[in-house]
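FYI, it's all coordinate maths here, none of it is from the lab. Since the model is a prediction, treat every value here as computed from it, not as a measurement. Counting neighbours? That spans all protein chains shown, and the Cβs are built from the backbone with ideal geometry, glycine included.
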Amino acid sequence: MSEKVLQPGATISLDLEKIMERTGKGKIKIKAKNKSRYALQTLMVTLLGLTVVAFATFDYQNIDFAEAVQATLQNIQTVFLEPELTRDTLTSVLFQLLVTFCLGILSTIIGAFFAFFCSLLCARNIASSRMVNSIKSFIAVVRAVPTVLWVLIFAVSAGLGSVAAVVGLTFHSFAYLTKAYAESIEEIEPGIIEALKANGASYWQIVFQAIVPSTITSMVAWTFMRFEINFTNAVAMGAAAGAGGIGFNLFMAGSFYFDLQEMGMLTYIVVIAVVLLEMVSTRIKAYVK
């Protein structure tokens, strides 16, 4: 197409038929060819090839795959279709479930308390840049370490048990919620804080009259999300750190006694507890709104 100088008020028209003829089959090419796409495709093909080679060179030790699949399906059937408490009573299991809930609740409450005040120091709209950068760097390091590793670190000084589990869960919850709360505070409209400052409001008046009312919904949502994470982590810590609770029962039934029926019943109890927890958290978040 020849270039033409458009006059004021003129419209631009595209010759779509010629574009389709150049691209072929009446399709307009919208994906640009670049090196990153080729690199990604090469990486995917390489990983696929390595996976195939790995499965082809594994030492399967003369395993009968048909028999292994049949045994796996039988175990799944036993766990999920034939659940039964064979070694523990329902009262004992519910008590251990309560212990797990207490571990999650305690670590969440303590972590949320310290996270709220620390988030005030790392929100860019109410704190200095130097303070924000230093605290966020520390929080990022704490968050990068997995929860189970924090629990094992504190287990060195406190010993394996509920104390190490609570401290480790609290430490990671504190870092997680500090980042979440700070981001919620940074989303507040600047005009609200500026208006209070112009009227001579003190720092704590700004916090409790502007920040808390504006962010309470998101903070509650983040806190309950962290509580759900802490509950599932507390189940794992029951086995990894000897913290007790229903996680220890699951570990003993699955690894020590190999009682698949009891493991299935304990799994169902945990699932029901998580569903009820989600229902309660939804009701509370709706009430806060």
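Considering every Cα-Cα pair within region 90-288, what fraction, in whole percent, is farther apart than 29 Å? Could the numbers behind the result be given before it?
Values: 6696 of 19701 pairs.
For region 90-288, the fraction of Cα-Cα distances above 29 Å is 34 percent.
Tally Lys/Arg at +1 and Asp/Glu at -1 over every other residue whose Cβ is under 11 Å from the Cβ of residue 206; what's the total?
Working: positive: 197; negative: 194.
That sum, taken over residues with Cβ under 11 Å, equals 0.
Ranked highest first by average number of other Cβ atoms within 10 Å, how do 271-279, 117-125, 204-212 line up? Intermediate results must be reported in sequence, preceding the final value.
On the way: 271-279: 12.3, 117-125: 19.0, 204-212: 16.0.
Highest-to-lowest ranking by the protection proxy: 117-125, 204-212, 271-279.
Going through the DSSP H helices of the chain, which span 27 Å or more along their own axis at the Cα atoms while scoring at least -0.5 as a mean Kyte-Doolittle hydropathy?
Numbers: long enough: 35-57 (33 Å, 1.07); 90-119 (42 Å, 2.04); 162-186 (35 Å, 0.74); 212-240 (40 Å, 0.77); 260-288 (42 Å, 1.35).
Helices meeting the criterion: 35-57, 90-119, 162-186, 212-240, 260-288.
Among 267, 86, 51, which one shows the highest mean-square fluctuation when the chain is modelled as a Gaussian network with alpha-carbon springs under 10 Å?
Most flexible of the set in this elastic network: 51.
Have a look at 225, 44, 131 and tell me which one the Gaussian network model of the chain (Cα, springs below 10 Å) gives the largest fluctuation.
So, out of 225, 44, 131, the one fluctuating most is 44.
Which residue fluctuates the most in the chain, going by a Gaussian network model with Cα springs under 10 Å, if the choices are 73, 106, 266?
Greatest mean-square fluctuation among the candidates belongs to 73.
To the nearest 500 deg cm²/dmol, what mean residue ellipticity at 222 nm is calculated for the chain from DSSP H runs of n ≥ 4 alone, each contributing -39,500 (n - 2.57), summed and divided by the residues?
Values: 12 runs with 208 residues, N = 289.
So the helix-based figure for the chain works out to -24000 deg cm²/dmol.
Taking all pairs of different Cα atoms in region 207-289, averaging 1/r and flipping that mean, what Kirkwood radius in angstroms comes out?
Every distinct Cα pair counted, the radius reaches 14.6 Å.
Within 12 Å, Cβ to Cβ, of residue 215, how many net charges do the neighbouring residues add up to if Lys/Arg are +1 and Asp/Glu are -1? Write out the running numbers ahead of the final one.
Numbers: positive: none; negative: 183, 186, 187, 189.
Overall, the nearby charge balance is -4.
For 151, 53, 145, which order do you get if you count the other beta carbons within 10 Å of each Cβ and list the fewest first?
On the way: 151 26, 53 10, 145 14.
Taking fewest neighbouring Cβ atoms as first place, the list is 53, 145, 151.
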